[in-house]
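Some notes on the structure that comes next.
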Ligand SMILES: Cc1cc2nc3c(=O)[nH]c(=O)nc-3n(C[C@H](O)[C@H](O)[C@H](O)COP(=O)(O)O)c2cc1C
Ligand code: SF4
Ligand code: SF4
Ligand code: SF4
Ligand code: FES
Ligand code: FES
């Protein structure tokens, strides 16, 4: 048959072994040949730590620039994991390369907001200088790939850089430099990075963003001087029941997209008969157009630590996992620094303030997969499995992370917890409108004068939110707004006065989702934007269920045909086809990705944003 | 793994298409439907495997639930009102079948698949000309498919993933539901998801022990006995000329039931009944492929 030896196990390099050992723990060394026997024993005694798979894969990627057969085999052996399964996991994630890559790899966002900020021009430049995306031979210094939204939409065109042997990071394209100069700066880690711009209007309450950019994010003292840790003190005085009542009375709902009442989740887990429970803070933020959680984690990390401490204590969890998007190493560092300081002050560890309560917060990184923001896919990612969503029921509050009752909350939701306790439920409710309490963060990007993060009371009109982000460019007219991200909907100029209140928006068939507001004026190539959204879902579907795996493929083909003015059959036939796709994806997909993957395209078709023929051929 | 429901379970009453039926607690909606005499199409479900509920052809409408639910895995709860033949159910089933048929070669799948395609009015042609090969970017107007050459890398069975609907059955049979070998897994993501060994190495380089249990559970012919594959290639495969003879595996004392499929005096494949109490349909290399030795074929590569 072939000349290779059967079952040959490839060798790992010393660097790969060291990278894996640093995560998994060193292998016990003894004098050969007893070592092998001892190793077997150790392996059998070691608790099952499959959850170290993703951290170890990320370590391999950083150490060697790719996941080599030798490195993967070593890792699989250390975790007593079948090699094929480890490969199946590694191949799921966009930031893990299964072929050798150059030492510096750029992930260049060509998603909805960055398209209006010159991403296409940047891609053309890179094509000219480096060759087509994904084509770089291992021998070149820099390679590049096109990427979905990187959570840097107000700073676009956005780039995320992976570097051999070093942590990755964001890099800002600098039009003042030549491409060669800029690439040189990127490769040596000298390129400019930036923080999320916060756009403020004097007089508006800003309980979530008030500290960002105004106090050093790495100082616990500064945080305390500016109101920090008063909420935890208040919570401990109120007691668990008291806090639950406050959160319920405040009508705090989740900010991760689904808008679920926070108190209901907490209560379900708090009352669980199962003693081991978890809190998971969802910082996977990958909805195109979203960058609010990054702003909070980088700019005010102690607020997240304090909020998570309160939440964990109320639900009776002794361990919190914060799952941070892989492309956010800066946010991870900022959060880890805050955790370390809180721990050093006895705010975490054996006590939370004066209360004896063992609590640890552990940060985990994603590895490039939008779907891992879905709560059950996130569990699987932490557990070292492919990030495929689970069928529900059972729900996370019953059977969550490691099979235990789990509360999953978005970063912004957690940031609201101290706010509720500091203000009191009534004042918190009064901040918002009839449809929702408190303030919300809107990520305003696209064709506005000053893209950035805007915090406003819930119910503020769309027009005003956009005005705080500088408004439209002079002389331009509004064409459409993408509300809620790729999983959201396009609305036309007639929605300009709409109050951004969940009830009002829902009544119009739209959603606030994760607070995305991407603005397009009359110069935008909306066909290209819609095509990008369709491609996003095709590429980010986990592939598990038929409606989504194949429906997203057929949807992209359909959009491309309409864009090219080459429908299959009549336009009406194409529309009927899309209606069927909408229905099967919404009705029969396993998770929210497939269930919403046709919404934005459907709304774009209805608004006539796609193709020639849709303007009445 | 769900190997049936214990007899002691409390009864639960649900309504299926207007008919009240009583089933033991822990039953699935599909089982309740069966009790009501309603047969549900399934592709990724098999009695002897843990439900993965990924194909979604078995969906039904459950009152009070926003989306349809997979009947193969959803457990009954008292008072559930289930509808199996609404326009929503029919559209979803039609679309699932249509999407699969437009991208996968279903010509060697069981006859029921063709019946469902017809019964639900699937129109796989409406997505355009089928792309002749799996590519990241098919031409405009072409429908992407998983078409690819079959993998013939050992003498016992062939993997033709242009027929694969990604039902996960082979992965389950190779792993926790039967074989505990874990030679294959799902790799990649989205439309690029596929069944693979590590780094796509040929089977002889993988952990595979040739138990053939994956072949036994594959519903589409993507995994096929080499003997069947060769006969099909030669245009000589003819189930009408085949007989099936039950026998007990002679190789060891476990006593697995074998079904020998014989065409023209040659054993062309070996299956095992799912309801067999010992093997649950799973065999080892000797029972599954031992006939190759019996018939003096070269067992090696
Ligand atoms: C495809 C998909 C992606 C998601 N991504 C995120 C995310 O990045 N961050 C997040 O907080 N929630 C995300 N969610 C929602 C989560 O599943 C979950 O509802 C949320 O984290 C709950 O937190 P909350 O109640 O505080 O909003 C996503 C959901 C889906 C279906
Ligand atoms: S809907 Fe899409 S993302 Fe969700 S489970 Fe199905 S294939 Fe995966
Ligand atoms: S023949 Fe057996 S061991 Fe080999 S892949 Fe199939 S199930 Fe796994
Ligand atoms: S090869 Fe067969 S059993 Fe395996 S996933 Fe594909 S269709 Fe299912
Ligand atoms: S970073 Fe480019 S669209 Fe968000
Ligand atoms: S048979 Fe139920 S989802 Fe496949």
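Every number here is computed from the coordinates shown, using simple stated rules; none is lab data. Quantities reported herein were computed from a predicted structural model and do not represent experimental measurements. In this analysis, Cβ positions are derived from the backbone assuming ideal geometry, glycine residues included, and neighbour counts consider all displayed protein chains.
Given a Förster radius of 60 Å and the C-beta distance between residue A:522 and residue B:209 as r, what FRET efficiency does 1/(1 + (r/R0)^6) yield to the nearest 0.05?
0.40
Counting only C-alpha contacts under 8 Å and six or more residues apart, can you give the relative contact order of region B:157-294 as a whole percent?
Once divided by the residue count of region B:157-294, the mean separation gives 21 percent.
Given points 7 Å out from each Cα along the Cα-Cβ axis, report the residue A:240 to residue B:142 separation in nanometres with one decimal.
If labels sit at residue A:240 and residue B:142, their model points lie 6.1 nm apart.
If you take every DSSP beta bridge fully contained in chain A, what fraction is antiparallel? Give it as a percent rounded to 5.
If we restrict to bridges inside chain A, about 50 percent are antiparallel.
Please average, across the residues of B:166-172, the number of beta carbons from any other chain that are within 10 Å of each residue's own beta carbon, and give a whole number.
Counting Cβ atoms of other protein chains within 10 Å of each residue's Cβ and averaging gives 2.
Any idea how far apart residue A:249 and residue B:66 come out in nm if each label point goes 7 Å out from Cα toward Cβ?
Here the answer is 3.0 nm between the modelled labels.
Based on DSSP H runs of at least 4 residues, each adding -39500 (n - 2.57), what is the mean residue ellipticity at 222 nm of the protein assembly as shown after dividing by all its residues, to the nearest 500 deg cm²/dmol?
Dividing the helical sum by the residues of the protein assembly as shown leaves -10500 deg cm²/dmol.
Suppose the chain between residue A:225 and residue A:49 were pulled fully straight at 0.36 nm per residue; how much longer would it get relative to their current alpha carbon spacing?
59.3 nm
Take every Cα pair under 8 Å in region B:89-143 that's 6+ residues apart, average their separations, divide by the length, and report that relative contact order as a whole percent.
Value for region B:89-143: 38 percent.
Can you sort B:103, A:219, B:272 so the residue with the fewest Cβ neighbours within 10 Å comes first?
A:219, B:272, B:103
At 0.36 nm per residue, and after removing the present C-alpha to C-alpha distance, how many nm does the segment from residue A:579 to residue A:124 gain when stretched out fully?
That works out to 160.3 nm of additional length.
Please compute the length gained on full extension between residue A:351 and residue A:422, using 0.36 nm multiplied by the number of residues separating them and subtracting their Cα-Cα distance.
23.4 nm
For region A:111-159 and region A:557-617, what is the separation of their C-alpha centers, rounded to whole Å?
Taking the Cα centre of each part, region A:111-159 and region A:557-617 sit 28 Å apart.
Peptides A:187-198, A:508-519, B:234-245: what's the order by average Cβ count within 10 Å, highest mean first?
A:508-519, A:187-198, B:234-245
On C-alpha positions alone, give me the angle between the axis of helix B:87-103 and the longest principal axis of chain B, in degrees, nearest 10.
Taking the Cα atoms of chain B, the angle to B:87-103 is about 20 degrees.
Averaged over its residues, how many other protein chain Cβ atoms are within 10 Å of peptide A:86-94's Cβ atoms?
Mean shielding by partner chains, rounded to a whole number: 6.
Roughly how many nanometres apart are two label points built 7 Å out from the Cα toward the Cβ at residue A:174 and residue B:274?
Taking the two extended label points, one gets 6.4 nm.
Nearest 0.05, what FRET efficiency do residue B:180 and residue B:264 give at R0 = 35 Å with Cβ-Cβ as r?
Given R0 = 35 Å and the Cβ-Cβ separation, E is 0.45.
Under 8 Å for C-alpha pairs, at least 6 residues apart: give me the relative contact order for chain A, rounded to a whole percent.
Relative CO of chain A lands at 12 percent.
Okay, which of region A:160-178 sit inside 20 Å, backbone N to the point 7 Å along the Cα-Cβ direction of residue A:21?
A:165-166
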